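Okay, structure first, notes after.
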Amino acid sequence: MSERRKFIKQSLLGSAFLIPGISSASTQDKNKTPPLIGEMPLILSTWNHGLPANVAAMAKLDTGGSILDAVEAGVRDTELDLENLSVGLQGLPDREGITTLDASIMTGDGNCGSVAFVRQIKHPISLARRVMENTPHVMLAGEGARQFAIAEGFPLEEEVLSPKAAIEYAKWKETSQYKPIINIENHDTIGMIGIDANGNMAGSCTTSGLAYKMHGRVGDSPIIGAGLFVDNEVGAATATGLGETIIKICGSFLIVELMRQGRTPQEACEEAVRRLISKNKNIDDIQAGFLAINKEGLTGAFAVHPGFNFAKATVKENVLIDSNSHFKP
């Protein structure tokens, strides 16, 4: 896209190690140092597909939609992208040749909903919102999620692989070996977080999961606190990458709680990556990245390895940021 501009955000550079339990806020007099304020409204989303998703999200805000409407509309765009093999029904299937989807959505007041291991639903993010708004539950899974979708009027799509996914699956079956490749297969999610001009926050996360996963596998995306967490009093965070590693540390919840303790969004993302690395013996084949926004509209991003990028949209611009901000042993 000609309008894409890649740049490295100066505030994301550097990887200073923090002393555990000591926040940067404790070293300064808050009464003398007013907090920095970022530009709002603001939308952050993971990977290259975040650029068009951000356009859809900002368009929803521009036409009077809420921040919840915006983060739903944004990732719905990705769920329909036939070129994307890691989100939506066109995504790569599991080992049985079946595409199953996960999604979650959350608002800053703690309301949330998710679906996991759902089949034949074009927009799992919208189904997750219906779970949040129309049921007493937070998560529905599998056949139960599909039955709920039918009851809510969602059409069931034909269960057939997209042309590109069918070709890739046929190639995979020649060896049937399972080995995720970082920054390729781990582009398995779009996570989006946003804050409106009034400081209200929301987030969304949707995926077809890791390619050739075991049938029934669920990653971090539909798990509130792992792939997504939002709190208007503090901030929001979302994750992408190898979901099992993110689940183990409740990554997005961890980042929001670190911000609650006084860490900046950048410091919180860095600490989450260090925590993730400490829980995994071999990180060579593990990529995970985090995005965060605090209630002042400041942002952070950090990943295990180089290669993580994300899109940032304001009323002035929508840009892809190639972040060199990653763990350095």
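Some observations on this one:
- Beta carbons closer than 7 Å, at least 6 apart along the sequence or on distinct chains, pair a first residue in the stretch 37-55 that is assigned to a loop (DSSP other than H, G, I, E, B) with a second that is surrounded by 24 or more Cβ atoms within 10 Å (Cβ to Cβ) and among the small types (G, A, S) for P41/G194.
- A search for C-beta distances below 6 Å between a residue of the stretch 59-88 that is within 16 Å of A311 (Cβ to Cβ) and any residue that is among the charged types (D, E, K, R) and buried (at least 24 other Cβ atoms within 10 Å of the Cβ), counting only pairs 6+ apart in sequence or on different chains, returns S86/D188; V87/E79.
- Residues within the stretch 212-241 that are surrounded by fewer than 24 Cβ atoms within 10 Å (Cβ to Cβ), among the aliphatic types (A, V, I, L, M) and in a loop (DSSP other than H, G, I, E, B), tallied: 3
- The lone criterion from (1) buried (at least 21 other Cβ atoms within 10 Å of the Cβ); (2) assigned to a strand (DSSP E or B) left unmet by M259 is number (2).
- Residue ID - farthest from D69 (Cα to Cα), chosen from residues in the stretch 101-122 that are among the hydrophobic types (A, V, I, L, M, F, W, C) and without any contact (Cβ under 8 Å) to a residue 60 or more places away in the chain: V118
- P93 buried (at least 22 other Cβ atoms within 10 Å of the Cβ), under 22 Å from V218 (Cβ atoms), over 16 Å from the mean Cα position of the chain (by Cα) and of a type outside the set (V, I, T): yes
- In the stretch 129-158, the residues that are within 19 Å of V75 (Cα to Cα), touching a Leu at 6+ places or on another chain (Cβ under 8 Å) and among the charged types (D, E, K, R): R129, E157
- Out of A145, A151, one residue alone is over 23 Å from the mean Cα position of the chain (by Cα), free of Cβ contacts under 8 Å to residues at least 40 places away in the same chain and more than 30 Å from I37 (Cα to Cα). It is A151.
Residues checked against (1) among the hydrophobic types (A, V, I, L, M, F, W, C); (2) modelled with pLDDT under 95; (3) within 25 Å of L89 (Cα to Cα):
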{"site": "T206", "(1), (2), (3)": "no, no, yes"}
{"site": "Y212", "(1), (2), (3)": "no, yes, yes"}
{"site": "T245", "(1), (2), (3)": "no, no, yes"}
{"site": "N280", "(1), (2), (3)": "no, yes, no"}
{"site": "N294", "(1), (2), (3)": "no, no, no"}
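- K248 being free of Cβ contacts under 8 Å to residues at least 40 places away in the same chain and either surrounded by fewer than 17 Cβ atoms within 10 Å (Cβ to Cβ) or of a type in the set (S, T, Y) (or both): yes
- L127 being hydrophobic (A, V, I, L, M, F, W, C) and outside any loop (DSSP other than H, G, I, E, B): yes
- Filter result for the condition that a residue is closer than 22 Å to A226 by Cβ and either hydrophobic (A, V, I, L, M, F, W, C) or out of contact with any helix residue (DSSP H, G or I) (no Cβ under 9 Å at 6 or more places or on another chain) (or both), over A313, A272: A272
- N111 meets the conditions (1) surrounded by fewer than 21 Cβ atoms within 10 Å (Cβ to Cβ); (2) under 18 Å from the mean Cα position of the chain (by Cα); (3) within 25 Å of F310 (Cα to Cα); (4) not small (G, A, S) in every case but one. The failed one is (3).
- In the stretch 177-201, residue surrounded by the most Cβ atoms within 10 Å (Cβ to Cβ) [restricted to those that are modelled with pLDDT of 80 or more and more than 14 Å from the chain's Cα centre (by Cα)]: I195
Quick grid of which residues meet (1) within 15 Å of R217 (Cβ to Cβ); (2) of a type in the set (D, E, K, R):
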position	(1), (2)
G64	no, no
A70	no, no
T78	no, no
L89	no, no
G97	yes, no
D102	yes, yes
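- Taking the conditions (1) more than 19 Å from the chain's Cα centre (by Cα); (2) more than 19 Å from F154 (Cα to Cα); (3) β-branched (V, I, T) in turn, V71 satisfies each one other than (1).
The values are calculated or read from the model by the stated rules, or taken from the named source; none is laboratory data. All figures in this text were calculated on a predicted structure; none of them were measured in a lab. Positions of Cβ are generated from backbone atoms using ideal geometry, with glycine treated the same way; all protein chains shown enter the neighbour counts.
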